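The next block holds one structure in the form of structure tokens; read it before the comments.
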Amino acid sequence: MAKLEIQIQIRKMLKPSTPTPNHLRSHNISLFDQVAPPVYVTILLHYLPCSEWNSEEITDKLQKSLAETLTKFYPLAGRFRKDDLSIHCNDEGVDYVETKVNTNLAEFLHEGPKIELLDDLLPKTDMLSVPLLGVQVNIFNCGGLVMGVQILHILADAFTLATFVKEWAQISQTGTTKGCLSSFDFLPSLFPTKVLSGHQYSLPSSGDPEIVTRRFVFDALAIAKLKDRIGSSDHTFTRPTRVAVVMSLIWKVLVGISSAKHGHPRDSSLLFPINLRGKLNLPSLEYALGNFIVLVHATLKANQSKELNDFVNMIGNTSRDISVDIGKASINGIAPMFVNCDAEFVNKLGQKDEMDIYLSSSWCRLPWYEADFGWGKPFWVSNVSKTFEIFCLMDTKNGDGIEAWVSLKENDMAEFEKDPDILTFCPPLQK
């Protein structure tokens, strides 16, 4: 399938069902939001046809429940003001799109699908108004449904996006919220914005050659075999997590590709985010909305051993060290620690000519597959293609495997796909 035939049925700025009170019309962003890259965090939720609902009933229910959800997530319906680093909560609305897709969902997803086509299931946002949230509801000929949701990173990380989707689904299904909803206000009050001298962060340019994205699935058996392989070569190790094992293998393969390309090994850093929720002794921050991550780096020198367990140990040690430091730090000590990590991150990005820098992220253990809007849970939750080099890990539906969404330069991807470890543990799916 070369291209999706999509017809837009409705496009509008959908506003909260109840106006935001005057005293909530301005929302300051936090220090963590301040350094977020200018991109959307995106997710696609794929639903099988449901005989109990027709498409008109589904879209009507989604619109009404989204408007209701926005009264609780009211900053998302506002607009970012760069001059004073705040959100003007003016209820301007979120970008809402409904489409008809002229194919069957099963046909589209057969042996794949082609990842580049997934991008068409997200709203093409008008960057003049820059809505903080965009939703595209795609109805296929068979009645199948794909919901594309994107949220501007300046106000949200993956945890916040997952929380929003879960709350929207709860309201759609039951008409009520579940429990006590967290707030966007906690983080800005504790970690206000600062003047950050020398902060010059921008996403890497895609440039030439073209960046391509491929999906690789590590099932539970493959992950168990990887863990056994690590244990057989390191009898002192602590059994690693699924995420650490898969992240380590991908890093190892990328290092091998670099060594072959340059004719010699180079220093290598893997940059990855640590979710700070639950790591501080403040229960109110366990479900805080907004950005609440710190980017850390694990580094292997060119002359170091590069067996799989070496990568696992480096990632594990980096994660444990930062978690211990965070647990010991006072609230006043968190901001300087974050600023230091951010400065190191920006510094690393500036060293790409001298060493290899790899970006990664994990969205595992987030409740994507719990998003039941009233017609069942999604049968697949997917990412989309990227225009810069990164790999992102997501749970498989059963929760014991991992999908790795890998974005690389085209020539590097060709080497990645034929690496013996990749072919052994997760042969590539449809391109």
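The values are calculated or read from the model by the stated rules, or taken from the named source; none is laboratory data. In this text the structure is predicted, and so the values were computed from the model without any measurement. Neighbour counts run over all protein chains shown; Cβ positions are idealised from the backbone, glycine included. All accessible areas refer to the heavy atoms of the entire protein, side chains included, with ligands and DNA or RNA removed. Shrake-Rupley method; radii C 1.70, N 1.55, O 1.52, S 1.80 Å.
Calculated accessible area for region 6-180 comes out at 41 Å² per residue, all protein chains present (probe 1.4 Å; ligands, DNA, RNA ignored). Available extension along the chain between ARG239 and SER26 is 72.0 nm, counting 0.36 nm per residue and deducting the alpha carbon span. The alpha-carbon of LYS328 sits under 18 angstrom from the alpha-carbons of these aspartates and glutamates, leaving out residues fewer than 8 places away in its chain: GLU286.
Surface composition of region 6-180: carbon plus sulfur atoms hold 52% of the accessible area, using a 1.4 angstrom probe and ignoring ligands, DNA and RNA.
What separates the Cα centres of region 239-261 and region 285-348 is a distance of 18 Å. Largest first, the residues MET355, MET337 sort by 1.4 Å accessible area into MET337, MET355.
Approximating the spin labels as points 7 Å out from Cα along Cα→Cβ, the SER330-to-GLU410 distance works out to 5.6 nm. Calculate, for LEU48 and THR424, the FRET efficiency according to 1/(1 + (r/R0)^6) with r their C-beta to C-beta distance and R0 45 Å; round to the nearest 0.05. The calculated FRET efficiency here is 0.90.
Here VAL406 sits with roughly 0 square angstrom of accessible surface, probe radius 1.4 Å.
Within region 339-376, which trypsin sites (Lys or Arg not before Pro) sit in a loop by DSSP and count at most 15 neighbouring Cβ atoms inside 10 Å? All intermediate terms of the calculation are to be shown ahead of the outcome.
Working: sites: LYS348, LYS352, ARG365; in loops: LYS352, ARG365.
Those satisfying the criteria are LYS352, ARG365.
Modelled spin-label separation between SER17 and ASP83, with each label point placed 7 Å from Cα along the Cα-to-Cβ direction: 3.6 nm. The mean sequence distance of close C-alpha pairs (under 8 Å, at least 6 residues apart), as a share of the length of the chain, puts its relative contact order at 23 percent. The mean sequence distance of close C-alpha pairs (under 8 Å, at least 6 residues apart), as a share of the length of region 6-180, puts its relative contact order at 33 percent. Note on ASP372 and THR71: with the Förster distance fixed at 22 Å, the Cβ-Cβ geometry gives a FRET efficiency of about 0.55. Note that region 104-109 has calculated 3J(HN,Hα) couplings of 8, 4, 4, 5, 4, 8 Hz, one per residue in order, obtained from phi through the Karplus relation 6.51 cos²θ - 1.76 cosθ + 1.60 (θ = phi - 60°); glycine and proline are x. Counting only residues at least eight positions apart within a chain, or on another chain, the lysines with an alpha carbon under 24 Å from that of LYS377 are LYS61, LYS64, LYS72, LYS100, LYS114, LYS166, LYS178, LYS397. Apolar share of the accessible surface for region 366-430: 53 percent from carbon plus sulfur atoms, 1.4 Å probe.
In this simple spin-label model, placing a label point 7 Å from the Cα along the Cα-to-Cβ direction at both VAL217 and LYS194 gives a separation of 4.5 nm. For region 39-55, backbone nitrogen atoms closer than 19 Å to the point 7 Å from HIS110 Cα along Cα-to-C-beta are found at 47-49.
Here region 259-297 is scanned for amide nitrogen atoms under 16 Å from the site 7 Å beyond the Cα of ASN340 along Cα-to-Cβ, giving 294-297. Proximity of backbone amide H atoms, modeled 1.01 Å from N, is registered between GLY290 and ASP157, THR160 at under 5 Å, excluding neighbours fewer than 5 places apart on the same chain.
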